[in-house]
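Let me begin by presenting the structure, written as structure tokens, before commenting on it.
The values are calculated or read from the model by the stated rules, or taken from the named source; none is laboratory data. Just so it is clear, the structure is predicted and the values come from calculations on it, not from any experiment. Note that each Cβ is placed from the backbone with ideal geometry, even for glycine, and that neighbours are counted across all protein chains shown. Heavy atoms of the whole protein, side chains included, go into the accessibility calculation; ligands, DNA and RNA do not. Shrake-Rupley method; radii C 1.70, N 1.55, O 1.52, S 1.80 Å.
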Amino acid sequence: MIVGLGMAAALALSGQDPKATPVQPAAAEQAQAAYIDINDVPPEIREPTEAEYAEIERLVVRAEGARDAERFDEAIEAATALAELSAATFGPGHPITASCLNIIGQVKYDRGDLDGAEAIFREGLALRRAALGETHPDVAESLNNVAGVLSRRADYAEALVFLEQAVEIWERVGTFDRNLADGLANLANQYAYLGRYAEAEGPARRAVAVTEKVYDPNHRETAGNLGVLGEILLALGQYDEAEQTLTEADRVFTASGADHTLKAGLTLFRLGTLRKYQGRHGEAADLFRRSTEVFAAAVGPDHPHTGAALVETGQALHLEGLDGRAEPLLRRGLAVQERAQGADHPDTATTRMILAQVLLSLGQVQQADVLARRGVADLQARLGPDAQATASARVIHASILLAAALPEQAEAESRRALTALESILSLDHPAVGDARSSLAEALIRQARWSEADPVVLDGVARAEAAFGPAQDNVVRMRGQMMRIRLGQDKADAALILGRSATAQLASAAPRRARELQRLRVRAAWVEAAELARD
């Protein structure tokens, strides 16, 4: 980060707002880490003239302004001219030149050019360490940026190491709260990617608090960090607060005119996830579609964010029972992810699992099995055998095994998935409910009614308390309860369950409503047959 070319230039180059400068830390805290003004490092070639200083300042303002406004072509053009001018005066190895190049790296990262971004970030990290030492805030920025590339490639554990170092430096140096907020938000995301949600909550809340201090509660940067917090609260099962947080973030983005930026798109995406958890699939599909449009406009149709939003739109349509519309969207999203992230990236593998679900619904069991086996194998290799994404993939694979009349194998997959997910997520999380329902289904297919019953009862109670009676897992598991009662020759109890589900039929997803209606009819026939025998 470029700082210190006189007061006006320092503010422009660092992106700091003088009205938002944080309170200086105590002298003892300041002594913990030395801060070197990068303009005190002697030029390698010559001191720029006053005209060149003015041009550097102009290019910085233009490059960073264009970057922040997501006018990426303009940002690259201005940053390239800036780096060339800096290299011709300060020198190619000077930390000011590294900071100029860093702007180019940030734009390349935003556009999905990870190779180009990583080369710049790692070169900048080496230059900054050599010139400024290990505890300079510019070094922290480079550590943070390298971590961003590693994270995008799903190297989450390595990225976490870089981020922890960056946050530690910013905290020790002080007076860099704007950067600290970004680092804390990234740190929270990294813990979340590793399934360490309890550890993620603290940094996420701190990121919001710091941005509210540096900017204000109605600033787009605050809204962006509210979105990060909202996503983590979803995983922790704090659904009401998550909804309030994400809704507030969306309001701030809209009110500030930043509703078509990347972070605004991510907020729409996270709201879509919440609606999906609640079983409101039509609303979820619309939110994911809107986020697709934002991502495509901001970073292009071939960016990973755009691919992910296409996939989630397709999955929401699948859950709504619209498989014919879902399949092409999933295939488009998969193609984007394969090009942008690679064939074995966890996001790509997860999309294969969702596509496998749709193919199974369309009766294409063999094709679904091929995709599912590859998806589970790729996720296990990249993330580990019991990671959240791997466990959720096992649940999908179990459904395919059931369709292939392999209930014992489906049971093993479901049990492993449930154990993993219960150790990562809140017990009322929809992914845990999916695993419970999957295990119950495998037991039902084996006529092991007494074993299936407690699995379903616990799952229904938790899901209904969290999301209400019309949520997917509630409806699905109530249907399983009816089948268990029928298997236990308790047709009267099954019929009572069926009648109690009448209120759910209107608000349930079409596929779930049809399942309940069929079970009600079946229970009524069984009861009628028993009455006839009597």
Using 13 Å as the cut-off for backbone N distance, which residues of segment 262-304 belong to the label zone defined by a point 7 Å from the Cα of L362 along Cα→Cβ?
none
Would you mind listing how long segment 318-465 runs along its three principal axes, going by Cα atoms, in whole Å with the largest first?
47, 31, 28
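What is the percent carbon and sulfur in the accessible area of segment 198-257, measuring with a 1.4 Å probe over the protein chains and ignoring ligands?
Numbers: 1200 of 2470 Å².
Here carbon and sulfur together make up 49 percent of the probe-accessible area.
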Computed about the Cα centre, the charge dipole of the chain from +1 Lys/Arg and -1 Asp/Glu charges at the Cβ has a magnitude in debye, to the nearest 20, of 2400 debye
Across all Cα atoms of the chain, Rg and the largest Cα-Cα distance (Dmax), in Å, are 26.8, 105
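Taking 8 Å as the Cα distance limit and 6 or more residues as the minimum spacing, I'd like the relative contact order of segment 287-349 as a percentage. Mind dumping the intermediate values first?
Details: 83 pairs, mean separation 18.8, N = 63.
Computed over segment 287-349, the figure is 30 percent.
Can you tell me the relative contact order of the chain? Whole percent, Cα pairs under 8 Å, sequence separation 6 or more. Present the calculation step by step, with values, prior to reporting the outcome.
Working: 884 pairs, mean separation 41.2, N = 534.
Relative contact order for the chain comes out at 8 percent.
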Radius of gyration, Dmax [segment 87-217; alpha carbons; angstrom]:
14.7, 49
The farthest towards the positive end of the charge dipole of segment 286-423, of the residues V395, P328, T419, given +1 on Cβ of Lys and Arg and -1 on Cβ of Asp and Glu, is P328
With a 1.4 Å probe and every protein chain left in place, work out the accessible area per residue of the chain in Å², rounded to a whole number.
41 Å²
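If we count every other residue with Cβ under 11 angstrom of N218's Cβ, Lys/Arg +1 and Asp/Glu -1, where does the sum land? It would help to have the intermediate numbers written out before the result.
On the way: positive: R220, R251; negative: E212, D216, E221, E248.
With Lys, Arg at +1 and Asp, Glu at -1, the neighbours total -2.
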Per residue, the convex hull enclosing the alpha carbons of segment 209-270 has a volume in Å³ of 66 Å³
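Please list E50, E231 from largest to smallest accessible area, probe radius 1.4 Å, with all protein chains kept in place. Provide the component values of the computation, followed by the final result.
Numbers: E50 165, E231 80 Å².
Largest to smallest exposure gives the sequence E50, E231.
What net charge is computed for the residues neighbouring S256, neighbours being all others with C-beta under 12 Å from the C-beta of S256, Lys and Arg scored +1, Asp and Glu -1? Don't jump to the answer; show the numbers that get you there.
Values: positive: R220, R251, K263; negative: D216, E221, D250, D259.
Result for the local shell: -1.
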Taking every alpha carbon pair in segment 159-287, what does the distance histogram look like in 5 angstrom bins from 0, in percent?
2, 12, 20, 23, 20, 13, 7, 2, 1, 0
With +1 on the Cβ of every Lys and Arg and -1 on the Cβ of every Asp and Glu, the dipole magnitude of segment 288-355 about its Cα centre, in debye rounded to the nearest 20, is 120 debye
Rounded to the nearest Å, what's the spacing between the alpha carbon centres of segment 141-215 and segment 61-87? Just the number, please.
25 Å
Which one of Q165, L114, V365 has its Cα pushed farthest toward the positive end of the charge dipole of the chain, where Lys and Arg give +1 and Asp and Glu give -1 at the Cβ?
V365
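Taking the highest mean first, how do the peptides 475-482, 85-92 order by number of other beta carbon atoms within 10 angstrom per residue? Walk me through the numbers before you get to the answer.
Values: 475-482: 25.1, 85-92: 19.2.
Peptide ranking by packing, descending: 475-482, 85-92.
Provide the net charge surrounding D40, with neighbours chosen by a C-beta distance below 15 Å and charges set as Lys +1, Arg +1, Asp -1, Glu -1.
Details: positive: R128; negative: D37, E44, E47, D138.
Net local charge, D40 excluded: -3.
Where does segment 130-186 land on the Kirkwood hydrodynamic radius, alpha-carbon pairs, in angstrom?
Kirkwood hydrodynamic radius for segment 130-186: 11.1 Å.
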With unit charges on the beta carbons (Lys and Arg positive, Asp and Glu negative) and the dipole taken about the Cα centre of the chain, which residue among L439, L486, L85 sits farthest to the positive side?
L486
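Would you work out the charge dipole size for segment 70-190 about its Cα centre, treating the Cβ of every Lys and Arg as +1 and the Cβ of every Asp and Glu as -1, and quote it to the nearest 20 debye?
My answer is approximately 140 debye.
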